[in-house]
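*Asks:* This is the structure I have questions about; it appears just below.
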Amino acid sequence: MMLRSYRSELYKLRKRPATWVVFGVWLVLMLVFTYLFPYLSYRSGKSGADAIKLPNLLPAALPTQGLLGYAVWGGSLIVVLGALTLGSEYGWGTLKTMLSNGPGRLTVFCAQVAAMFTSLAGLVVVAFVCSALASVVIAASTGASIAGPAAFALALSMAVAWLILCMWCLFGVVLAIVIRGTALSVGLGLVWVLAVENIIRATASSVPVIAGIEKALPGVNAGSLVAALGTPAAGSGGDGVAAVVGGGQAAIVVALYLLLFGAVGALLLRRRDVL
Amino acid sequence: MIIQHLMNYAVEVRGLTVVRGGRAVVEGVDLVVPAGTLVGLLGPSGAGKTTLMRAMVGVQRISAGSVTVVGHPAGSPGARPLVGYVTQAPAVYGDLTVRENLAYFASILGVSGTRVGAAIREVSLEGRAEDRVGNLSGGEVSRVSLATALLASPPLLILDEPTVGLDPLLREDLWSLFARLAAEGTTVLVSSHAMDEARRCQRLVLLRAGRVVADEAPTALLRRTGASDLDRAFLQVVRQLEQPG
């Protein structure tokens, strides 16, 4: 039953235009923010501590540079995907049809989550392939080395990317289940990722209590996890990548958020009336 | 003996009470629906028709009583594949085509892909199969929703106002479909607030303020009340109940 539901959910995700729109926008923004803008900045010849260095844009730096966008803006779009996928079930009333037609509530929830995680794995692979191509183009145009990164570093980076996206996706899913709709859950998710966490980050350095809160935030831990994988890479700003906590702690906190969001979503879906 | 008893009734509701917002929207309802009958669940808006149907499907938290469908507790894993449910508001994906919607639900139900085409034909949507549901009229969307419930040919169909917004010709077609399904052994429970549709049912269950006020064949109801049509019969039943003593 679980496998059948999983296949059904994959089919639906594949057929829904919203999935492709989110993934398409995500890939374009990722390339623009992590390769195009930094490359243009490098070409402008700006010097100083925050100047973009060419090695960061080359294939060898793919595990760090390719991971830059996942913590904040990349995460925010995936929150939208999670909220859209579950929220629209309430909007169209299809959850009732699904839950009255065979699979149990937990099966439906797990199948939907598994299908989204699978599609996110695909997105990460495609994103790294695109990043690799962008870095090769940059290397070729500047006459730099096109030597690739170590396989383990690349695999670790992709695993971290997937973990972060899965966490943000479940955040969107939980919001949609709590609110039982799409629009408000998308709005609240974006406000949290792009505004609330940034405000807390900005004030944390001056208020000790807020600094403690900052270390527990999902976005901050995602950013710390990215930072832990390598030297600061060349971003276009606003990517939320900073080593606020250690890499080990960040990985644990991100994984805990993943489990927490999953458990809350499953519990609510299982226990509440389906309206 | 027990299995025989259970299988004779497609639906068995005992002492069902549903409380929502501190108010009993269904109160002490007892109802049995024999297998293979076309039953109309009738009553004005707010009578509790949808809540009763939701309880039968198992998506409604109940306060007291029990609901058994096709021999299984409502909403249990054993019951779910045996019940086709069409909600009052169409419940299909607006951004998928008719065929994609049905293919998805067929996949969930584990039924053959050939049933997709058959269900589309049963609701007369062959010409719109490749159109996005979001581009269809309200009546067409309702028919897509109905087609999802027909996919698995379940022994019990629970249809919440399936003919709302449809033109008379299409309503006639659908009622013929319901009658054919019942003749083939499917139990069809159809809610409606349109009394003119009630005459097509083999049996009527009239609900008012969350209680069953009549449960009999249309001809028996007309004979008992002496009314000339079902609208008047319903009014007479209600007035009789409201008379003091």
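*Asks:* What's the average, rounded to a whole number, of partner chain beta-carbon atoms within 10 Å of each residue's beta-carbon in B:89-98?
*Replies:* The shielding value for this peptide is 5.
*Asks:* I'd like the FRET efficiency for residue B:243 and residue B:167, computed as 1/(1 + (r/R0)^6) with the beta carbon distance as r and R0 of 45 Å, rounded to 0.05.
*Replies:* Step by step, r from the Cβ atoms, then E = 0.70.
*Asks:* First select every other residue whose beta carbon is under 14 angstrom from the beta carbon of residue B:42; then total the charges, Lys and Arg +1, Asp and Glu -1.
*Replies:* -1
*Asks:* Any idea what the dipole of the stretch B:122-245 comes to, in debye rounded to 20, about its Cα centre with Lys/Arg Cβ at +1 and Asp/Glu Cβ at -1?
*Replies:* Details: 14 positive and 18 negative charges, 119 e Å.
Charge dipole of the stretch B:122-245: 580 debye, to the nearest 20.
*Asks:* Taking the 0 to 90 degree range and rounding to the nearest ten, how far is the long axis of helix A:73-91 tilted relative to the main principal axis of chain A, both from C-alpha atoms?
*Replies:* In chain A, helix A:73-91 runs at an angle near 10 degrees to the longest axis.
*Asks:* Something else about it: How do B:29-40, A:140-151, B:123-134 rank on mean C-beta neighbours within 10 Å, highest first?
*Replies:* Numbers: B:29-40: 18.5, A:140-151: 12.2, B:123-134: 15.9.
Peptide ranking by packing, descending: B:29-40, B:123-134, A:140-151.
*Asks:* Then there is this: How much accessible area is lost when chains A and B come together, counting both sides, with a 1.4 Å probe, in Å² rounded to the nearest 100?
*Replies:* 2600 Å²
*Asks:* I've got another one for you. Given a Förster radius of 41 Å and the C-beta distance between residue B:89 and residue A:255 as r, what FRET efficiency does 1/(1 + (r/R0)^6) yield to the nearest 0.05?
*Replies:* With a Förster radius of 41 Å, E is 0.55.
*Asks:* Run the numbers on chain A and let me know its relative contact order in percent, using alpha-carbon pairs under 8 Å that are six or more apart.
*Replies:* Values: 393 pairs, mean separation 79.9, N = 275.
After rounding, I find 29 percent.
*Asks:* Moving on to the next point. Which of the lysines could a cross-linker bridge to residue A:12, judged by Cα under 27 Å and excluding same-chain residues fewer than eight apart?
*Replies:* Within the straight-line limit of under 27 Å, residue A:12 reaches these lysines: A:96.
*Asks:* Over the stretch B:157-245, what is the relative contact order in percent, taking alpha-carbon pairs closer than 8 angstrom and at least six residues apart?
*Replies:* 21 percent
*Asks:* When the chain is fully extended, how far beyond the present Cα-Cα distance does residue B:176 get from residue B:126, taking 0.36 nm per residue of separation?
*Replies:* Result for the pair: 16.2 nm of gain on full extension.
*Asks:* With r defined as the distance between the Cβ atoms of residue A:202 and residue A:267 and R0 fixed at 35 Å, what FRET efficiency is calculated, to the nearest 0.05?
*Replies:* Working from the Cβ atoms, E equals 0.55.
*Asks:* Related question: Label points 7 Å out from Cα along the Cβ direction at residue A:125 and residue B:216: separation in nm?
*Replies:* The two pseudo-label positions are separated by 6.8 nm.
*Asks:* Modelled label-to-label distance, residue B:32 and residue A:209, 7 Å Cα→beta-carbon offset: nm?
*Replies:* 6.6 nm
*Asks:* Using the Cβ atoms and a cut-off under 13 Å, what net charge is assigned to the surroundings of residue A:220, where Lys and Arg are +1 and Asp and Glu are -1?
*Replies:* Around residue A:220, the charge tally is -1.
*Asks:* How large is the dipole of chain A about the Cα centre if only Lys and Arg carry +1 and Asp and Glu carry -1, each at its Cβ, rounded to the nearest 20 debye? All intermediate terms of the calculation are to be shown ahead of the outcome.
*Replies:* Values: 17 positive and 7 negative charges, 149 e Å.
Rounded to the nearest 20 debye, it is 720 debye.
*Asks:* With a 1.4 Å probe and every protein chain kept in, tell me what percent of the accessible surface of the stretch A:2-271 is carbon plus sulfur.
*Replies:* 73 percent
*Asks:* From Cα pairs below 8 angstrom and at least 6 apart in sequence, can you work out the relative contact order of chain B, rounded to a whole percent?
*Replies:* Once normalised by length, the contact order is 25 percent.
The values are calculated or read from the model by the stated rules, or taken from the named source; none is laboratory data. What you see is a predicted model, and the numbers here were worked out from it, not measured in a lab. Neighbour counts are summed over all protein chains in view; Cβ atoms, including those assigned to glycine, are modelled from backbone coordinates with ideal geometry. The protein model used for the area step is the full one, side chains on, heavy atoms only, and it has no ligands, DNA or RNA in it. Shrake-Rupley method; radii C 1.70, N 1.55, O 1.52, S 1.80 Å.
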